[in-house]
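Below is one structure, written out as C-alpha cells, with a few remarks after it.
The values are calculated or read from the model by the stated rules, or taken from the named source; none is laboratory data. Keep in mind the model is a prediction, meaning the values are calculated, not measured. Cβ placement follows ideal geometry from the backbone for every residue including glycine, while neighbour counts extend to all protein chains displayed. We work out accessible area using only protein heavy atoms, side chains counted, and drop any ligands, DNA or RNA first. Shrake-Rupley method; radii C 1.70, N 1.55, O 1.52, S 1.80 Å.
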Amino acid sequence: MTVGNMERAELFDAGSKGRGLRAAKELNTGEVIFSEPSFAAVVFDSLATQVCHSCFRHQANLHRCAQCKFAHYCDRTCQTACWNEHKQECGAIKKLGSAPSENIRLAARVLWRMHKDTGIASDSQLISVDQLQEHVADLAAEDFKQLRADVHKFLQYWSYGTRQHSVDYISHIFGIIKCNGFTLSDQRGLQAVGVGLFPNLCLVNHDCWPNCTVILNHGKIELRALGKIPEGEELTVSYVDFLNLSADRQKKLKERFHFDCTCEHCSKHIKDDLMTAVADSKPSADKVKEVTAFSKESLEKIEKSRVERDYNEVLKLCYECLQKQENVLADTNLYKLRVLSIASEVLSYQRSFAKAANYAHRMVEGYRKLYHPNNAQLGMAIMRAGVTHWHAGQIEEGHSLICQAYRILMVTHGPNHAITKDLEGMRTQTEMELKMFKQNKAAYQTMRDAALKH
C-alpha cells in the first residue's frame, strides 16, 4: 500500500512484530523517506508559557490567548494557524478554570481531531489513529492506577456537546498515547518541548541498530535513511538510546513498549563487551567491582548536585570518580563515558575550554567505537566537542570535528534543519580562522584573545 507522500514506504505484515513499514524502492543515505505533520500535539506543562503552542519554537515574549489565558503563540499568524486545534481546547479550559496535564490535553486533541477527520487526517495516512497499538491490559498496577486517574480528570475536562465516550474507549486512547507518543524538540533539536502523535511513524518498528532516524524539522517529523536501504528491507528506528547494555535496553523496551527485543545487537550482545570494558592494565575482578560500585554511587551524587546547580561540587565528584576509574575502566566503559560527558559539559559552561576539550575528545573517541557512524547523537556530541576545541583555541582539531559533525548531520537532519545551518556557519567561520592561523599564528592568537574578552 503506497499513497500520497508515502511512495518510498509501504505497509506490510512484519510477522511477530505485527505491522511494519518497508522500503518500496531502493533508498539512498540521508534520503527523506516520508515527512508527516502531527495528528495532534501539545506543549509540555512545564514549558507552556515559553514555547509556541503552534510551531513549538522556544521564544521569548510569547502572546497569550486572551480567552483561556493558557495557550501562547509567537504571533497572530501562529495563533490563527492553530485555531482549529485550539478552539475546542480553549472552551474546555475556560469551563474547567485551568488547563489539565499534557496527557489529558493530548487525549482531548486526538479525540477532537478524530471527530473532525474520523481518525484519518490525509490521503497519505496509512492507518486510523484508533487502530494504533496500545497495551492497557499489560500496564503495571501503578501505571494502570495513574491511567484511571487521568481518565477521571479527562471526563471533567471533556466538552463536546452530546458526544460522549465510554471509559474503556478513553482508556484505549490514553494507551495509544502512552505507547506511541513522540517527544517533540524545539527548533534546534536541543530541548524536548512537547509530545505528539504521528500515525505513520508509529508503524515503524524498533531495532537497536536501525537503518533510519527520525528528526523534527519545521513542525513535521522526517524519517531519514542512515545508509543505503535495498527495496523490500524493513524500515526501523531505535526507540531507546543505544548507549545501554543490551539487557538494560531490553528491560526499558519491555517496560515502556511491552515487547521483547530480539534484534541482532540484543540477541548477540554486540558491543556489550566494549560498554563494560576494563583498562589494558587488566585490573582484578574485585577492583573492577569496587570501582563500578563507586561510579554508580558517584553518578547519583553528581546528578543530585547538577539538579541543585552546584557545579563546583559536580566537578569535584567527576574528578574523584575519573581518578578512581583510571587504569581500571576503559574509555568505552559506560560509567566512564557518562562522567567524561558531564565533566566536559560543566567545564564548557564555566568557560574552562582547554580542560573541557580534553574530556570531550576522550568521550567522542569512546562514542565512535559504540555508536552507528551516522547516529544523530554521535553527530551532536562531535559538534559540541568541535565547538569546545574551537573555544579552547585548538582551531585545527575544532574545525576537523565540526566538519565531521556536519557530514553526519547532513544525513540525520538534512541541509534545511536549523542546527545544520548553524553548523554550516561554524564550519565556514572555523575554516576562515584556520587559514588565518596557518598564515600567522601570533595574529590569530591576538584576534582570538580579543574576541574572548567580549
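Observations, loosely collected:
- Folded to 0 to 90 degrees: helix 376-391 orientation relative to the chain principal axis, Cα: 40
- Rolling a 1.4 Å probe over the protein chains gives residue 408 an accessible area of about 10 Å².
- Only helical runs count toward this figure. For the chain, summing -39,500 (n - 2.57) over DSSP H runs of n ≥ 4 and dividing by all residues gives -16500 deg cm²/dmol at 222 nm.
- As a calculated quantity, the FRET efficiency between residue 166 and residue 12 at R0 = 51 Å, using C-beta atoms, amounts to about 0.95.
- Principal-axis analysis of the Cα atoms of the chain puts helix 246-257 at an angle of about 20° to the longest axis.
- In this structure, residue 131 and residue 251 have a Cβ-Cβ separation that, at R0 = 25 Å, corresponds to a calculated FRET efficiency of about 0.35.
- Length added when fully stretched, residue 152-residue 310, from 0.36 nm per residue minus Cα-Cα: 52.9 nm
- Estimated at 0.36 nm per residue, the fully extended path between residue 29 and residue 183 surpasses their Cα-Cα distance by 53.0 nm.
- Here the chain exposes an accessible surface that is 49 percent carbon and sulfur, computed with a 1.4 Å probe and the other protein chains kept in place.
- You can think of it this way: the chain between residue 370 and residue 101 has 93.1 nm of extra reach, that is 0.36 nm per residue less the Cα-Cα gap.
- Cα-based reach from residue 69 at 22 Å (exclusive), listing lysines while leaving out same-chain residues under 8 positions away: 87, 94, 95, 153
- Of the trypsin sites (Lys or Arg not before Pro) in segment 350-407, those whose Cβ has at most 13 other Cβ within 10 Å and which sit in DSSP loop: 351
- When each of 252/296; 145/301; 271/355; 17/251; 296/316; 287/316 is checked by Cα-Cα distance, pairs over 20 Å: 145/301; 271/355; 287/316
- Average accessible area per residue (Å²) across the chain - probe 1.4 Å, nucleic acids and ligands excluded: 49
- Inter-label distance, nm, simple model (7 Å from Cα along the C-beta direction), residue 190/residue 421: 1.5
- Amide H within-cut-off set for residue 184, under 5 Å, with H built and near neighbours excluded: 193, 194, 195, 196
- Accessible-area ranking of 158, 390, largest first, probe 1.4 Å: 390, 158
- Under a 5 Å amide H cut-off, with hydrogens placed 1.01 Å from N, residue 329 pairs with 279 among residues at least 5 apart or on other chains.
- Of the residues 391, 417, 447, the one whose Cα sits farthest towards the positive end of the charge dipole of segment 272-453 is 447 (charges of +1 on Lys and Arg Cβ, -1 on Asp and Glu Cβ, taken about the Cα centre).
- 0 to 90° range, to nearest 10: angle between helix 311-325 axis and the chain longest Cα axis: 70
- When the alpha carbon gyration tensor of segment 3-156 is reduced to an equivalent ellipsoid, the three semi-axes, largest first, read 31, 23, 14 Å.
- Ranked order, 174, 259 - accessible area, probe 1.4 Å, largest first: 259, 174
- Residue 281-residue 319 FRET efficiency (beta carbon distance; Förster radius 30 Å; 0.05 resolution): 0.90
- The ratio of the alpha-carbon radius of gyration of segment 272-453 to the globular-protein estimate 2.2 N^0.38 Å is 1.13.
- Table column - 3J(HN,Hα) (Hz), segment 270-281, Karplus curve with 6.51, -1.76, 1.60, x for Gly and Pro: 5, 6, 4, 5, 5, 5, 10, 4, 9, 5, 4, 6
- Each of residue 143 and residue 294 was given a label point 7 Å from its Cα along the Cα-to-Cβ line. The distance between the two points is 3.7 nm.
- Modelled spin labels at residue 352 and residue 429, positioned 7 Å past Cα toward Cβ, are 2.4 nm from each other.
- Once mean projected area of the Cα convex hull in nm² is calculated for the structure shown, the corresponding label among (i) 25.0; (ii) 29.1; (iii) 22.3 turns out to be (i).
- Label zone at residue 327 (point 7 Å along Cα-to-Cβ), backbone N below 11 Å, segment 271-300: 281-283
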